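The values are calculated or read from the model by the stated rules, or taken from the named source; none is laboratory data. Note that the coordinates shown come from a computational prediction; the quantities given were computed from them, not determined experimentally. Note: ideal-geometry Cβ built from the backbone for every residue, glycine included; neighbour counts use all protein chains shown. Calculation scope for accessible area: heavy atoms of the full protein, side chains included, ligands and nucleic acids excluded. Shrake-Rupley method; radii C 1.70, N 1.55, O 1.52, S 1.80 Å.
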Amino acid sequence: MRVAIVGGGIGGLALALGLSERGIPCDVYEAAPEIKELGVGITLLPHAMRELAALGLQPRLEPLGIENLESVFFNRWGQFIYREPRGRHAGYSVPELGMHRGKLHGVMYEAARERLGDARIHLDHRCTGIQQDAQQVTLTFNGVRGQPQPTVQADIVIACDGVNSAVRRQFYPQEQVAFGGINTWRGVTVHKPILTGKSYLRIGTIDTGKLVIYPIVDNVDRHGSQLINWVAEIRQAEMGMNDWNRPGRFEDFLPFFQDWNFEWLDVPSLLLHAREVLEYPMVDKDPVPRWTFQRVTLLGDAAHPMYPRGSNGSAQALIDARTLADLLARGGDPVQALQEYEALRLPATANVVETNRTVPPDFIIMKADELSGGKPLPGRIEDLIPAEEFRRISDDYKRVAGFALDKNE
Ligand SMILES: Cc1cc2nc3c(=O)[nH]c(=O)nc-3n(C[C@H](O)[C@H](O)[C@H](O)COP(=O)(O)OP(=O)(O)OC[C@H]3O[C@@H](n4cnc5c(N)ncnc54)[C@H](O)[C@@H]3O)c2cc1C
C-alpha cells in the first residue's frame, strides 16, 4: 500500500510515526524546504502526552519542557478565581507539559527521520493538487521557488496540511476561515518564575483583554529566570483580522493591560520585555459533513481547525493519527478504513470545535465576572460561587476534549 501524507507538522509526523510502528510504510510531503524550530509555546495536555508517550517520545520531550503543577484563573484585577492541579499532580499517568513548540516539532521530525529514513520525508514539496480515479491518487507539488516537483502516485492520501489546507480547499473551494473578532498576540519573555514557576495562568476575559501565561524553559540565564510564554487575546467587533505573517505591535494590545499591576505580577513589564511579538487571528472553520473522499481524507487542523483556547489542537491531531493508524493496521480495504476513521473522529472533534467557541476553560473567568457585575470582587470568590461549580466547567471541557480523568486513567 502506498500511503502519502501531505504536511509534516504535528499531525502528519504523528501519523508517519504511528504507521511505521505498525509496519506500514509511508511518505511525508512537507512544503517547507527545511525544518526550523519556529513558533512560541505549546501546552501538551495529558491526552496529547499519552499519544506522544505511545510513540516513545515522552523521555525526549520531558527534559525540554516544564511540567505544569497547577492551572490558576484570575480576573483582570489579579484576584484569585479558581485553581486545580494538573497532569501527574492531578492523578494522570502522564505529565502536562509546557514547551517550545519548535522543540516538540524538532523531536518528532528527528524521530521520523530515524524510523522512516530521510528518503521518505520529502521537504520542499508543497502539494498543489490531487486527482483520483478508482485505482489511485496522483499528487502534484511545487518547490519553494515555484519549481514543479515530480508527480507522485499513492493508494491513499492523508492531508495533514494545516488550517489553510490546500487539499481541503479542493473539496470545499468556497470555504473561508471563521473569524469572530478575536485577535491574539504571542510572545516569550525572560522573567523570574511566576507563582510556583510551574503554574499555567489565565487572567481576564477576551471581552476586556485576556492573558494566558506559562513557563516553557527553566533557568535560561543561570539566575533562575524562565522563558515565559504569553498570549494576549482580545475581542473587538470593529477590529480587522490580524495578519498571520506580520510581527505584532505593542500599541495594538498593550493599552488593554497597562494598569495590570498585581502584587504577584507586573503584566506590562512582562509584555514589554518580550524578545519579539507575533500576531495571529483566532480563527476556526465550521465543521464539515465529510473528510473522506474515496482515497483521500483530512487529519488534524486540515480536518477540524479549532480556536486555540483549550490547548487542545495538537491532542486532537495526535488522536486522529493513532485512530487512523490502528484502522489501517487492521488490514483489509484502506478506503473503508478512511471512512471508519471519519465516522469515529468527525463528530468528536466537531464537538470540541463548538465547545472552544462557546464554553472553553476560560468561561470560568467570564462566569466570575458575571457574578461580580464586571467589578472587582468585594471579598472571596467562594462567597459568590462554590469552587465545585468551576470544577464542573473544567471537567465538562475535559470530557468533551477527551481527557477526563475518569475516562482515560
Ligand atoms: C496560536 C496557536 C496556539 C496554539 N497552542 C496550542 C497549545 O498550546 N496546545 C495544543 O495542543 N495546540 C495548540 N495549537 C493548535 C496546534 O498547533 C494545532 O492544532 C496542530 O499544530 C495541528 O497539527 P497539524 O499537523 O494538523 O497542522 P500543522 O502543525 O499546522 O502542520 C501543517 C503542516 O503542513 C505543511 N503544509 C501546509 N500546506 C502544505 C501543502 N500544501 N503541502 C505540503 N505541506 C503543507 C505546513 O508547512 C506544516 O508543516 C495552537 C494553535 C495556534 C494557531
With a ≥ b ≥ c the root eigenvalues of the C-alpha gyration tensor of the range 345-409, is it rounded (a/c under 1.5), prolate (a/b larger than b/c) or oblate? oblate
Would you mind telling me the share, in percent, of accessible area of the chain contributed by carbon and sulfur at probe 1.4 angstrom? 50 percent
If the chain between ARG60 and THR128 were fully extended at 0.36 nm per residue, the gain over the current Cα-Cα distance would be 21.1 nm
Subtract the Cα-Cα distance of ASP218 and VAL190 from 0.36 nm times their separation in residues, and report this length gain in nm to one decimal. 9.1 nm
Ordered by packing density, taken as the mean number of other Cβ atoms within 10 Å over each peptide's residues, highest first, how do 73-84, 233-244 rank? 73-84, 233-244
One point scatterer per Cα, no solvent, Debye formula: log10 I(q)/I(0) for the chain at q = 0.06, 0.11, 0.12, 0.13 Å⁻¹ comes out as -0.24, -0.82, -0.97, -1.13
Given only helices, namely DSSP H runs of n ≥ 4 each adding -39500 (n - 2.57), what is the per-residue ellipticity at 222 nm of the chain, to the nearest 500 deg cm²/dmol? -9500 deg cm²/dmol
On a full-extension model of 0.36 nm per residue, what is the gain between ARG235 and THR358, subtracting their alpha-carbon distance, rounded to one decimal in nm? 42.9 nm
Return one whole number: the accessible area per residue of the range 69-200 in Å², for a 1.4 Å probe. 43 Å²
Give me the lysines in straight-line cross-link reach of LYS210: C-alpha distance below 24 Å, same-chain residues under 8 apart excluded. LYS192, LYS198, LYS285, LYS367, LYS375, LYS398
Label model pair ASP326, ARG88: point-to-point distance (7 angstrom along the Cα→beta-carbon line) in nm is 2.5 nm
On a 1.4 Å probe surface of the protein chains, which of LEU278, LEU405, LEU318 comes out largest in accessible area, and what is the full order? LEU405, LEU278, LEU318
In degrees, nearest 10, range 0 to 90: what is the angle between the Cα axis of helix 334-358 and the longest Cα principal axis of the chain? 20 degrees
With a Förster radius of 56 Å, plug the Cβ-Cβ distance of ARG392 and GLN147 into 1/(1 + (r/R0)^6) and report the FRET value to the nearest 0.05. 0.50
With every protein chain left in place, what is the accessible area per residue of the range 224-351 in square angstrom, probe 1.4 Å? 42 Å²
Sites GLN136 and GLU34 - FRET efficiency at Förster radius 25 Å, r taken between beta-carbons, to 0.05: 0.25
